[in-house]
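Have a look at the structure below before the remarks.
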Amino acid sequence: MPELTLTTALAWFGVLAGAASVAALVFGWLSQRQTTRLQADIHASTQTTLADIAKGFKEGQQALGEAVTGLGQVLERMDQRADERHRDVVQLLETWRR
């Protein structure tokens, strides 16, 4: 077995450091690919969520518009009936005066 000298120890350290560097580069490249895919998935999910929110908001606006229209119709009928009752009361009062 060869003798371990400072020179051979430094050479082995250089070999191991080089191997670790290559391993770190490979790990970083794989990590970057996964991160890119994750960002794309997050972006797609966010866009879907925003589209769903916009759709729900539009449906809510439409439902509110229909409710307001329905309320307007109810108020119009109430106003007509109030006018009818007012006319009836006025006629009744005129009848009593005679």
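Every read-out reported here was derived from the displayed coordinates using simple, explicitly stated rules and does not represent laboratory data. Since we're looking at a predicted model, the values are computed, not measured. With ideal geometry, Cβ positions are generated from the backbone for all residues, glycine too; neighbour counts draw on all protein chains shown.
Tabulated data for the structure shown
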read-out: Residue satisfying condition, being surrounded by fewer than 10 Cβ atoms within 10 Å (Cβ to Cβ) and hydroxyl-bearing (Ser, Thr, Tyr), within set Thr7, Thr48, Thr35; value: Thr7
read-out: The stretch 30-58: number of residues that are more than 18 Å from the chain's Cα centre (by Cα) and of a type outside the set (A, V, I, L, M, F, W, C); value: 7
